[in-house]
1. Taking the options B:167, B:177, B:194, name whichever one is part of a strand (DSSP E or B) and under 30 Å from residue A:61 (Cα atoms).
2. State all residues of segment A:300-345 that are among the polar types (S, T, N, Q), over 22 Å from residue A:410 (Cα atoms) and either touching a residue at least 60 places away in the same chain (Cβ under 8 Å) or outside any loop (DSSP other than H, G, I, E, B) (or both); if no residue qualifies, say none.
3. Taking the options A:134, A:146, name whichever one is at pLDDT 95 or above, of a type in the set (Lys, Arg) and over 22 Å from the mean Cα position of the chain (by Cα).
4. Hey, can you tell me all the residues within segment A:101-155 that are away from chain B (no Cβ under 11 Å), touching a residue at least 60 places away in the same chain (Cβ under 8 Å), among the β-branched types (Val, Ile, Thr) and over 21 Å from residue A:43 (Cα atoms)?
5. Check B:316, B:337, B:358, B:300 and return the single one that is over 29 Å from residue A:179 (Cα atoms) and among the basic types (Lys, Arg).
6. From B:358, B:380, B:410, grab the single residue that is more than 30 Å from residue B:319 (Cα to Cα) and without any contact (Cβ under 8 Å) to a residue 60 or more places away in the chain.
7. Filter segment A:72-83 down to residues that are at pLDDT 95 or above and buried (at least 19 other Cβ atoms within 10 Å of the Cβ), then give me how many there are.
8. Return yes or no: is residue B:203 surrounded by fewer than 23 Cβ atoms within 10 Å (Cβ to Cβ), under 17 Å from residue B:344 (Cβ atoms) and at pLDDT 95 or above?
2 protein chains.
Amino acid sequence: MDQNPFRPPTSTVQAHEPNTLPIKWGARDPLERGPIIGTLSNPSRRNVLGAHGSQYSLNRSMAAAVGMFDPTKKPDLTDTHSTAVIGPFRQWFEPGKIVTLDPFGLDVTKTFASLIAEGYDIRPTIAATWASIRPREIRDAVLARRLKPDGEVLIREETKRKGKRPIVTYACPVTEIAIDPVWNLPEMAQRLGIGDLDLRRSLVEQSGGMYPDLVTRREIPIFLPPNGQTIVVIFGDTRKLGDPNTPVTVRVHDACVGSDVLDSDICTCRPYLALGFEECIRCAQEGGLGIIVYFEKEGRGLGSVTKLMVYNKRHRQPGGDSAAKYFWCTEMVAGFRDARFQLFMPDVLHWLGLEKIRLVSMSNDKYDAIVNSGIEVIERIELPDDRIPGGARVEIEAKKAAGYFTRGQRLNVVDLAGVRGRTFK
Amino acid sequence: MDQNPFRPPTSTVQAHEPNTLPIKWGARDPLERGPIIGTLSNPSRRNVLGAHGSQYSLNRSMAAAVGMFDPTKKPDLTDTHSTAVIGPFRQWFEPGKIVTLDPFGLDVTKTFASLIAEGYDIRPTIAATWASIRPREIRDAVLARRLKPDGEVLIREETKRKGKRPIVTYACPVTEIAIDPVWNLPEMAQRLGIGDLDLRRSLVEQSGGMYPDLVTRREIPIFLPPNGQTIVVIFGDTRKLGDPNTPVTVRVHDACVGSDVLDSDICTCRPYLALGFEECIRCAQEGGLGIIVYFEKEGRGLGSVTKLMVYNKRHRQPGGDSAAKYFWCTEMVAGFRDARFQLFMPDVLHWLGLEKIRLVSMSNDKYDAIVNSGIEVIERIELPDDRIPGGARVEIEAKKAAGYFTRGQRLNVVDLAGVRGRTFK
């Protein structure tokens, strides 16, 4: 092992370590592709920038600082491998198809077992497990007869209690997947239509100096950024992934704590997620697959602090919250309207081998990104009117007027100004 | 404005800019304390490390890269100010009391209006708004007669529909707050019992080089890290904050998408959050305050990828998931058991002026952190047995055996080994 395990970050002077394993992005054979080594037990073997665990890398760094663990020690990843096999699919090897995650990131303990045995500290950037979920709305859907338990995709469970009525739950066995971002910077820049160096400079400069190696070590293409984790939930048999005859329903969802966790009435997020659950269950019951992709893109990718500031501004407009001012308020506060970069979103769908889907979303940005990336959308499922909370009228009418899919009416500018919400002081 | 607006990150050579506003942490007068300037429209005026927006700073950097906005332009923050007044409270000025957020971070547009008028680009690190939330479990609690609408804290709303029964919702008007982390590194190091430079070195080295200025600019005490955002929800009249005679119920919650959003049966997270909603509503209805503090500390602060790996390992133990192996599995996979650093958690409670609370949590780590920080816990509210999902027995028995508060039985090592869950292949 290297006498000086820590390579200084201002490392333009040092050449790339001779024993670093190179990464050939897009190669079919994973050993030819090379492992992502972002671990720090032996820093001289790293072949990427950044760190595992997204924003949680800082928690780990602090744990190391107080001596909670020995950072030079390789962890034991026995028995952590996935409960499901995902891929490989042809999309994994098509140039430019997947640039924001590592298609081989799931079962590194198996795929790169030989290298791990040689001593390399290789960690997954994706994990998958089995879970039993029972979203609250599913029970309502069953009671309203929109869904029916079938004992496989949707299971009616009874928990007996002494002297009381049994508790009835409606549970769905699913595959739950977590994905850390793995950025291929030159390929991301290409998709964005800008230069690789321009992207790197902006990442460094506009963050006030996060990972200057992005610029000083620009020969390293792969970066593990602290930019959120993606969760995927799959209803149905994952062995059907990649089968062109299996119908697939997908809900693409950008996280919103206020709605997803707290059921706020100001937006349609949770209601659309709930519709996603229903449609996914139905598709899986018909022999297909239902997939929820849950991105950590709070507040249109601007984060929660900006989001709440925008809420305040919206509600202080003369006459209160207004569909006509919906996007403008965000533009004033953030400088622009949307930081979610939907053009990278389909990477997860490609990783799952999807070619043709029913899409539970009205978003034109999501639709365009998916279709432009080569996935066919055979149906777009609109959120029914009676599922839209009162305070969310402003959001949904503004979005429809701006291009959201709808079979209903799109309001013109005059009528849009008449769609109002609350007024704050 | 500086001819070269971007100060290179490897900036040991340059002295601290002469016109940088100094920060005197803990000063009573905000103008004497100084504003946090983490913005980038005029980098020479920055007086902190890091960037606004936590992990979302990267989204903004990418938006700048593609020209979505002009990063040299100051945004318009008109009408974004809080709907509620928070503080100031004596805790804001007590040395070492608040070290992971900016107590003056909420209404910077008012507090630092004079400096903003002079041209400084000062942005909030905290935002607060009004919201109407209707968590699904509240309806269940009303129907089960555990809660009763009172038209103020818990409001029964009827939405009429043509030709159908009206929709009945149970809504709570709340104050919703979002908090970006603002780290005072020397004071954090002190609370951790380590040296400031040791903390900084670990943050840089164990992240593979994130913000090397943490070490090269060690004279700068304040850092805005990409480490998650905290959400606070307050039921009741926020003007009562700081009143020692107002009873306060607090649920301290570490986020869990699998449970909070998907209602997975493997853990008690969402059920405990739901209990928190009920207790908060009840306290507010009695003239007190109910507060949920929702931390972005997924998977014990290890993140979702590690969390799901641990689930797999747990379920592959001989005989399946076992309370006796609950913590050990995490230790094997991550190297240690817990990266949540509860010792910093009370900062939010101090910011809210809390002195005495009822705590909806069984965690001994949370209790100890709160009590050691000087806040009195007059009651600890245990999760009732019938609210524990089947798959979560392993978690709760393991935690009770390890020190979690309970009026019930703590299992010994032998019996703990008998508390089993599922088995995976």
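1. On the way: B:167 fails: under 30 Å from residue A:61 (Cα atoms); B:194 fails: part of a strand (DSSP E or B).
The match here is B:177.
2. Step one: list which residues in segment A:300-345 are among the polar types (S, T, N, Q), which gives A:304, A:306, A:312, A:317, A:322, A:330, A:342.
Of the ones still in play, those that are also over 22 Å from residue A:410 (Cα atoms) are A:304, A:306, A:312, A:317, A:342.
Listed by number, the residues that qualify are A:304, A:306, A:312, A:342.
3. Values: A:134 fails: over 22 Å from the mean Cα position of the chain (by Cα).
So the residue among A:134, A:146 that is at pLDDT 95 or above, of a type in the set (Lys, Arg) and over 22 Å from the mean Cα position of the chain (by Cα) is A:146.
4. Of everything in segment A:101-155, those that are away from chain B (no Cβ under 11 Å), touching a residue at least 60 places away in the same chain (Cβ under 8 Å), among the β-branched types (Val, Ile, Thr) and over 21 Å from residue A:43 (Cα atoms) turn out to be A:111, A:153.
5. Values: B:316 fails: over 29 Å from residue A:179 (Cα atoms); B:337 fails: over 29 Å from residue A:179 (Cα atoms); B:300 fails: over 29 Å from residue A:179 (Cα atoms).
Every option except B:358 fails the conditions.
6. On the way: B:358 fails: without any contact (Cβ under 8 Å) to a residue 60 or more places away in the chain; B:410 fails: more than 30 Å from residue B:319 (Cα to Cα).
Of B:358, B:380, B:410, the one residue that is more than 30 Å from residue B:319 (Cα to Cα) and without any contact (Cβ under 8 Å) to a residue 60 or more places away in the chain is B:380.
7. 5
8. Values: surrounded by fewer than 23 Cβ atoms within 10 Å (Cβ to Cβ): no; under 17 Å from residue B:344 (Cβ atoms): yes; at pLDDT 95 or above: yes.
Taking the combined requirement at face value, the residue does not satisfy it.
The values are calculated or read from the model by the stated rules, or taken from the named source; none is laboratory data. Quick caveat: nothing in here was measured; it's all calculated off a predicted structure. Glycine also receives a Cβ, built like all others from the backbone with ideal geometry; neighbour counts cover every protein chain displayed.
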